[in-house]
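Nothing in this text is a laboratory measurement; each read-out follows from the coordinates by a stated rule. A quick note: this is a predicted structure, and the numbers were derived from the prediction, not measured. Neighbour counts are summed over all protein chains in view; Cβ atoms, including those assigned to glycine, are modelled from backbone coordinates with ideal geometry.
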Amino acid sequence: MSEKRVVLVTGASRGIGRAIAVALARPGDEVIVNFASNTAAAEQTASAIEAVGAVPSLRPFDVCDNDSVRESIKDIVKTHGRIDVLVNNAGITRDNLLALMKQSEWDEVLETNLKGVFLCSQAVVKPMMRQKFGRIVNVTSVVGVTGNAGQCNYSAAKAGIIGFTRSLARELISRNITVNAVAPGYIETEMTQRIPEKAREALLAQIPAGRCGAPEEVAAAVSFLASHEAGYITGQVIHVNGGMYMG
Ligand code: NAP
């Protein structure tokens, strides 16, 4: 691994993705902040990255648009010379009971959360194979393992990420590329602020830690899996959930 890493974090304008991008940033590293449309928030992530002495760049693209993903990652490799770490973090929810779920709610969630992971991973695999080093970390969710009423679409996508992670890990470990997943429980971000108060209380009651998690606590696990020291760990899912689920 080169001393200075080139890191790409998808969905890094806010929430968990921002915390990951900042946690991964070491002095001299080049940290690419992907997001969908929220440039003002992405600029705040960039400032936090700059504050630790790393070099941020903003790359808005839609993770489920194959052409944009391919062009952007090709350009990143051309500009920065390599890509050491990919964190597939971008994700959305469109919650509904299955009986009421629109096909568009299913499609949007599967596209962003699962197809996005496929497209971004596929685009970095060749450069990582050429440089004989890589770290891919996928952000899944506790509900990808436990299920959750109202989230058939989201939990299917997140369970899909776990299968994808394990298969790709087997394909790439001989090339010194690891592929792992981090499964957050209930983390305080804009995504969870949308949960109604009663449902939040019910969720908290299921967490032995008695509190929700902070994005930085997820970022710490991602940071470890992206490190040089984690080179013998692949195909794993690290749960960061305050004891909500113990696999
Ligand atoms: P968030 O606050 O809603 O942020 C979502 C991020 O994803 C934003 O940066 C957004 O960009 C970006 N994004 C959305 N669609 C995109 C697309 N098509 N292409 C590129 N970027 C896109 O979410 P979060 O709570 O931090 O969640 C981050 C990840 O953790 C997700 O994968 C989520 O499923 C997972 N997770 C979260 C929790 C939790 O409790 N929060 C629990 C388990 C798992 P814009 O700002 O431009 O919209």
Here the relative contact order (percent) of the range 166-245, from C-alpha pairs under 8 Å and at least 6 apart, is 49
Most packed first (mean Cβ within 10 Å per residue), the peptides 214-222, 193-201, 17-25 order as 17-25, 214-222, 193-201
Least to most buried among Tyr245, Tyr186, by other C-beta atoms within 10 Å and fewest first, runs Tyr245, Tyr186
Summed over the other residues with a beta carbon less than 11 angstrom from that of Thr93, with K and R at +1 and D and E at -1, the charge totals -1
Residues other than Val77 with Cβ under 13 Å of its Cβ, Lys/Arg counted +1 and Asp/Glu -1, net out at +3
Ranked from fewest to most other Cβ atoms within 10 Å of their own Cβ, Ser174, Ser13, Ser155 fall in the order Ser174, Ser155, Ser13
Taking Cα pairs closer than 8 Å and at least 6 residues apart, the relative contact order of the chain in percent is 19
Summing -39500 (n - 2.57) over every DSSP H run of at least 4 in the chain, dividing by its residue total and rounding to the nearest 500, the 222 nm mean residue ellipticity is -13500 deg cm²/dmol
Result row for the chain, helices from DSSP H with C-alpha axial extent 27 Å or more and mean Kyte hydropathy at least -0.5, is 152-172
Filtered hits (lysines, Cα-Cα < 27 Å from Lys4, offset >= 8 within chain) -> Lys74, Lys78, Lys126, Lys132
The range 107-187: relative contact order from alpha carbon pairs under 8 Å, six or more residues apart, as a whole percent, is 39
